[in-house]
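These notes concern the structure reproduced below.
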Amino acid sequence: MSEFMPIGLLTDIAADFDISESKAGLIISIYAWAVAILSLPLMLLLRKMPYRRMLLMCVALFAFFQVLSGVSSSYEMLVVSRLGVAVAHSIFWSIASPLAVKVVSPDLQKLAISAVATGTSIAMIIGLPLGRVIGLALGWRMSFVVIAVVSVFALALLVAVFPKVDNPGTFTLGRLPDLFRNKVLVGIYIFLAVYVTGYYTGYSYIEPFLAQTAGLSETMITVALTLFGLAGIGGSILFTKVYDRTRYRFIMTVLVGAAVMLLLLRPSAVSMIGVLVVCTVWGFFATSFNVAFQSETLRASPGDATAISMSLFSGIFNVGIAMGSIIGGVVTDTMSVDYIGLVGALFVIAATAFVGLYLIGRMKENDAARARAIEEHIWRS
């Protein structure tokens, strides 16, 4: 919720601090760059810390800096507070999916990963629209205060219920080059940087697009963003049902679908129904992509390196967010907000071609090698 909320508040923040929307949008870019830079170093620094303590620490930091965001009296103070939240984010998204997998039985691991992605979709449904509603009624600062209050309750719940989870702590800095010799992981990271850049070129400025290009009212913008998140839940549910049987078709379908939705963003703006349909289908593909590639990252990672691999995933994801929000701002300032979908689609199409022409081939090679290793183990047994 905290990550998405500023997207729906950019106009209010810009007006309050008397700055442009593109400068207000830099809080998204700065935040994302901080996560990108900090994710791997923080996980290497904390690699021997017990996972329960690490999780509780990052949620406590998160709550504190949300309060600081809520009392920010200047743009600079808001930036500093968002950097603090980025530290918590860097830790959390490195361990969220690995911990979700560790605390369930093997037959429920796909559901656990899906549940993490569903949380992201719920954040879009509740967080971004609720942030807008609170911001419109009480001012944008209260949106961050509400997040702080909710996060304190979340911390109390985690203290009560989250179990002790073993952290082997065996991954060392010297083994980091091994991850970069893993063709599947490197391919995922290259794809991720390009795809997310395109995705966030469009999504970072979706609020001004819906208002200025599509001419939607404040209420209908909230409806559009809510539909985006609701559809994401559908994407994560479909993942749990069909992914193991249709991995490669699933991946290509959601990537091509996202590219098509970005291309249709501007043409659909002539009709309220059209733009709502595009936002809904786009949300479905967005969450489907995210959960699929988190799963593939965990699948391709050594057992004691999942948190490190996911820290790279999170860091590179945020490089894409930062680049996308910068490019979206440039498009908005130099061309028009009308073209954010078209420019974003160019990156998504390039990323999709890379997956189809290169990455899926490497994934199939890994699958074959894993199958051979299992057969050899059974034979020896």
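Sorted from largest down, give the three principal axis spans of the alpha carbons of the range 161-251, whole angstrom values.
Cα extents, longest axis first: 54, 33, 32 Å.
Compute the length gained on full extension between Asp244 and Val79: take 0.36 nm times their separation in residues and subtract their Cα-Cα distance, giving the result in nm to one decimal.
55.2 nm
When Lys and Arg each count +1 and Asp and Glu each count -1, what net charge do the other residues less than 13 Å away from Leu155, Cβ to Cβ, add up to?
Here the count lands on +2.
Using a cut-off of 15 Å between beta-carbons, work out the net charge of the residues near Thr118 (Lys and Arg +1, Asp and Glu -1, Thr118 not included).
Every neighbour counted, the sum reads +2.
For the Cα atoms of the chain, what angle does the longest principal axis make with the long axis of helix 247-268, in degrees from 0 to 90, nearest 10?
Taking Cα atoms only, the helix is inclined about 10 degrees.
Could you check the spin-label model distance between Ala373 and Lys48? Points 7 Å from the Cα along Cα→Cβ, value in nm.
2.7
Tell me, what is the FRET efficiency for Phe180 and Arg380 to the nearest 0.05, using R0 = 25 angstrom and their Cβ-Cβ distance as r?
Here the calculated transfer efficiency is 0.20.
Tell me, what HN-Hα J-couplings in whole Hz come from the Karplus equation 6.51 cos²θ - 1.76 cosθ + 1.60 at θ = phi - 60° for each residue of the range 312-321, using x for Gly and Pro?
Those phi angles translate into 5, 4, 5, x, 5, 3, 6, 4, x, 4 Hz.
With no solvent and one equal point scatterer per Cα, compute the Debye intensity ratio I(q)/I(0) for the range 1-123 at 0.15, 0.19, 0.22 Å⁻¹ and report its log10, rounded to two decimals.
Each listed q corresponds, in turn, to -0.76, -1.08, -1.28.
Apply the Karplus curve 6.51 cos²θ - 1.76 cosθ + 1.60, θ = phi - 60°, to the phi angles in the range 9-21 and return the couplings in whole Hz, x for Gly and Pro.
10, 4, 4, 5, 4, 4, 5, 5, 9, 6, 10, 6, 5
Most mobile of Pro50, Pro302, Pro106 per a Gaussian network model of the chain (Cα springs, under 10 Å)?
Between Pro50, Pro302, Pro106, it is Pro106 that shows the largest mean-square fluctuation.
What percentage of the solvent-accessible surface of the chain, computed with a 1.4 Å probe over protein heavy atoms, is contributed by carbon and sulfur atoms?
Percent of accessible area from carbon and sulfur atoms in the chain: 70.
Can you pull the one-decimal nm distance between simple spin-label points at Ala154 and Ala211, each 7 Å off the Cα toward Cβ?
Inter-label distance under the simple model: 2.6 nm.
In this model, which of Lys241/Lys364; Lys23/Lys48; Lys110/Lys364; Lys110/Lys183 are farther than 29 Å apart at the alpha-carbon?
Lys23/Lys48
Through the Karplus equation 6.51 cos²θ - 1.76 cosθ + 1.60, θ set to phi - 60°, convert the phi angles of the range 73-80 into ³J(HN,Hα) values in whole Hz; use x for Gly and Pro.
Once θ is set to phi - 60°, the couplings for the range 73-80 become 9, 8, 4, 5, 5, 5, 4, 4 Hz.
Modelled label-to-label distance, Ile19 and Met57, 7 Å Cα→beta-carbon offset: nm?
Those two pseudo-labels are separated by 3.1 nm.
With every protein chain left in place, what is the accessible area per residue of the chain in square angstrom, probe 1.4 Å?
Dividing the accessible area of the chain by its residue count gives 41 Å².
How much accessible surface area, in Å² rounded to 10, belongs to the heavy atoms of Lys102 with a 1.4 Å probe?
That residue has around 80 Å² of solvent-accessible surface.
Grab the DSSP H runs of the chain that are 4 residues or longer, score each as -39,500 (n - 2.57), total them, divide by all residues and round the 222 nm result to the nearest 500 deg cm²/dmol.
When only DSSP H runs of four or more count, the value is -26500 deg cm²/dmol.
Highest mean first, what order results for 230-240, 310-320 on Cβ atoms within 10 Å?
For the peptides 230-240, 310-320, the packing ranking is 310-320, 230-240.
Suppose a student asked you for the relative contact order of the range 239-372, using Cα pairs under 8 Å spaced at least 6 residues apart; what percent would you report?
34
Which trypsin sites (Lys or Arg not before Pro) in the range 220-252 sit in a loop by DSSP (not H, G, I, E or B) and have at most 12 other Cβ atoms within 10 Å of their own Cβ?
Hits after loop and neighbour filter: Arg245.
Once Rh for the chain is found with the Kirkwood sum over Cα pairs, what is the Stokes-Einstein diffusion coefficient at 4 °C and 1.567 mPa s, in µm²/s?
Rounded to a whole number, D works out at 61 µm²/s.
The values are calculated or read from the model by the stated rules, or taken from the named source; none is laboratory data. Since the model is a prediction, treat every value here as computed from it, not as a measurement. Here Cβ is always computed from backbone atoms with ideal geometry, including for glycine, and neighbour counts include all displayed protein chains. Areas reflect the complete protein model, heavy atoms only, side chains present, ligands, DNA and RNA absent. Shrake-Rupley method; radii C 1.70, N 1.55, O 1.52, S 1.80 Å.
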